[in-house]
1. So which of 82, 99, 78 is open to solvent by 80 Å² or more (accessible area, probe 1.4 Å), in contact with a Gly (Cβ under 8 Å, 6 or more places away or on another chain) and not hydroxyl-bearing (Ser, Thr, Tyr)?
2. Can you tell me which of (1) in contact with a strand residue (DSSP E or B) (Cβ under 7 Å, 6 or more places away or on another chain); (2) within 30 Å of residue 101 (Cβ to Cβ) is the one residue 223 doesn't meet?
3. Of the residues in segment 91-128, how many are at pLDDT below 85, part of a strand (DSSP E or B) and out of contact with any Asp or Glu (no Cβ under 6 Å at 6 or more places or on another chain)?
4. Looking at segment 60-75 only, could you name the residues that are of a type in the set (A, V, I, L, M) and open to solvent by less than 40 Å² (accessible area, probe 1.4 Å)?
5. Kindly evaluate residue 183 against the criterion of being crowded, with 16+ Cβ neighbours inside 10 Å, free of Cβ contacts under 8 Å to residues at least 60 places away in the same chain and either part of a strand (DSSP E or B) or more than 24 Å from the chain's Cα centre (by Cα) (or both).
6. Between residues in segment 198-217 that are within 15 Å of residue 239 (Cα to Cα) and residues that are open to solvent by less than 40 Å² (accessible area, probe 1.4 Å) and in a loop (DSSP other than H, G, I, E, B), which pairs lie under 6 Å by C-beta distance while being six or more apart or on different chains?
7. Can you pull out the residues in segment 205-228 that are part of a loop (DSSP other than H, G, I, E, B) and either among the small types (Gly, Ala, Ser) or open to solvent by less than 10 Å² (accessible area, probe 1.4 Å) (or both)?
8. Would you mind stating whether residue 231 is surrounded by 12 or more Cβ atoms within 10 Å (Cβ to Cβ) and over 23 Å from residue 94 (Cα atoms)?
Amino acid sequence: NLLGVIALTETGEFDGFIGVQKVVANSSEAHYYDNIPAIVIEAEGADTITLNVSALSLAVTGALTGQYYDADKGALSEGSREQKYFAIGYKTKKTDGSEMYVWRYKGTFQIPDVTSATEDAGTTANGQTLVYTGINTQHKFSATNKTAKGLVVDAGLEKTDVSAFFSAVTTIDNLVGKTARTLTITQAANTTLTVKKNGVTLTTGATVYDGDHIQITVTGGTVKVNNVAFTSGDIHVISGNTTVVSTAT
């Protein structure tokens with residue numbers, strides 16, 4: 001399930017993003033020694049990313065495919081093309097509602113097919129399919145000492161700051177992680193204290209991350225977070241090891 005639009009380093013965002021599919025070219029072959037398959041040699045080829053979008057303007061088509069577009073005349077010269085490489089970013093949504101953030105680092109777009117039909121009273125919409133061939137970068141990333149084709153982040157784990165994920169091409173080297181913290185909860189007698197994050201009740205010793213929001217509810221008493229008084233239902237932002245203490249009235 002696609003949530004967002006595609007962000008491209010040169011052309012900005014697409015409107016009308018419908019879906020995406022990735023196919024990875026893999027090959028493997030068993031090598032025999034003494035008539036026994038001893039090892040398997042595997043190779044990974046290019047990724048084929050198929051993007052279903054609404055009909056593209058001639059300007060965007062020219063920018064993506066490297067064909068000449070005359071902005072003054074609103075005309076696209078279909079013919080020889082300049083080879084261009086793009087990074088594309090998008091996010092998807094898993095069945096549990098959590099989001100996956102994706103960047104593909106380097107690839108080219110094929111010239112899209114166009115389907116036209118006579119006008120009628122039907123409801124069929126003629127969009128376009130863009131095929132993006134993704135390849136490995138030549139650059140080796142510091143974190144892995146290897147080249148890469150892309151980056152996928154499970155935002156549902158809440159271990160990464162994705163607030164600026166699409167502001168620029170995010171890589172494994174500049175990805176900003178959240179610092180893990182320890183939550184300590186001390187509940188006094190004659191109080192009912194509940195500490196939750198995203199609706200999930202937390203217990204003492206739980207791991208939280210900088211920037212997490214926790215909601216605190218207390219009855220029969222008062223509550224302090226890191227020695228600062230809070231009223232019931234207040235939301236507190238984690239910025240270090242956090243202690244929640246209730247005090248009976």
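The values are calculated or read from the model by the stated rules, or taken from the named source; none is laboratory data. Every value quoted in this text rests on a predicted model; they were computed, and no experiment measured them. Reconstructed Cβ throughout: ideal geometry from the backbone, glycine too, with neighbour counts over all protein chains shown. Quick note on the areas: whole protein, heavy atoms, side chains included, nothing else; ligands and nucleic acids left out. Shrake-Rupley method; radii C 1.70, N 1.55, O 1.52, S 1.80 Å.
1. None of the others qualify; the one that does is 82.
2. (2)
3. The qualifying residues number 2.
4. Result: 60, 63, 64.
5. Taking the combined requirement at face value, the residue does not satisfy it.
6. 208/238; 210/238; 212/238
7. 205, 206, 211, 212, 220
8. So residue 231 does not fit the description; no.
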